[in-house]
Amino acid sequence: MHYPLFEAPGRAVFWLVQVRRRGKVAGRMGGLPSDDQYVLVEFRQRDLPGFANVNSSLKSVQAKRELNWHLSMLLLCEGLSQNCLPSDEEQALLFRFEDEVHDALLQADGVRFLARVTHDGRRELIWRLANPDAANAVLQRIRNTREYPWEFDFRIDYDPLWQKAKWYLEAAQSS
């Protein structure tokens, strides 16, 4: 199952304590490397709020030449608060799991985190890849251990024109 791209770009807002508008992330935050620039985008879809942390550093031409594959990982959250967003406790667990997945994926060369999207009880994590086979092996290994806190699905698509990343990067740029 692949969660569709969101329909309309939103605007940047201050939402998480560790994120500043168009600023660097202070330390690790659920798989977001501290050396990249992130923009927090707020949007509404199906009358529910959503948030996307987008790595605006990936707008560079060099990144687009090297990272031709799009990895989307979808988690179905269980502990929800109002508006079908993760509760504080669920958010802390998500961040810990995201760090573990991100650290494992970094062992496969040519991996850059693109976005984290939270909407309607779902968390989508998106990376751009140079080597899809290595990333697939990492995620299959995680899946085979059966030691993950939520059911998840992932999809890796060849996307040399960055069409699957377009909404995220445009939303980040317009924020």
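Looking only at strands (runs of 3 or more DSSP E) that lie completely in the stretch 59-153, which have at least 3 residues being β-branched (Val, Ile, Thr) and open to solvent by less than 50 Å² (accessible area, probe 1.4 Å)?
On the way: elements: 69-76, 111-119, 122-129.
Once the strands (runs of 3 or more DSSP E) in the stretch 59-153 are filtered for at least 3 residues that are β-branched (Val, Ile, Thr) and open to solvent by less than 50 Å² (accessible area, probe 1.4 Å), what remains is 111-119.
In the stretch 90-112, the residues that are closer than 21 Å to residue 57 by Cα form Cβ pairs under 8 Å with partners that are assigned to a helix (DSSP H, G or I) and acidic (Asp, Glu), at six or more places apart or across chains, as follows: 110/66. Residues of the stretch 96-141 that are of a type in the set (Phe, Trp, Tyr) and under 21 Å from residue 43 (Cβ atoms): 113, 127. Applying the criterion of being more than 15 Å from residue 126 (Cα to Cα) and out of contact with any helix residue (DSSP H, G or I) (no Cβ under 7 Å at 6 or more places or on another chain) to the residues of the stretch 44-58, the residue that is surrounded by the fewest Cβ atoms within 10 Å (Cβ to Cβ) is 47. Residue count for the stretch 120-147 satisfying the condition of being modelled with pLDDT of 90 or more and closer than 16 Å to residue 75 by Cα: 7.
Any residue that is at negative phi, of a type in the set (Gly, Ala, Ser), more than 17 Å from the chain's Cα centre (by Cα) and at pLDDT 85 or above - is there at least one of those in the stretch 70-80?
No - not one qualifying residue is present in the stretch 70-80.
The values are calculated or read from the model by the stated rules, or taken from the named source; none is laboratory data. Remember, predicted model here, so these are calculated numbers, not experimental data. Positions of Cβ are backbone-derived with ideal geometry, glycine not excepted, and every protein chain shown enters the neighbour counts. Quick note on the areas: whole protein, heavy atoms, side chains included, nothing else; ligands and nucleic acids left out. Shrake-Rupley method; radii C 1.70, N 1.55, O 1.52, S 1.80 Å.
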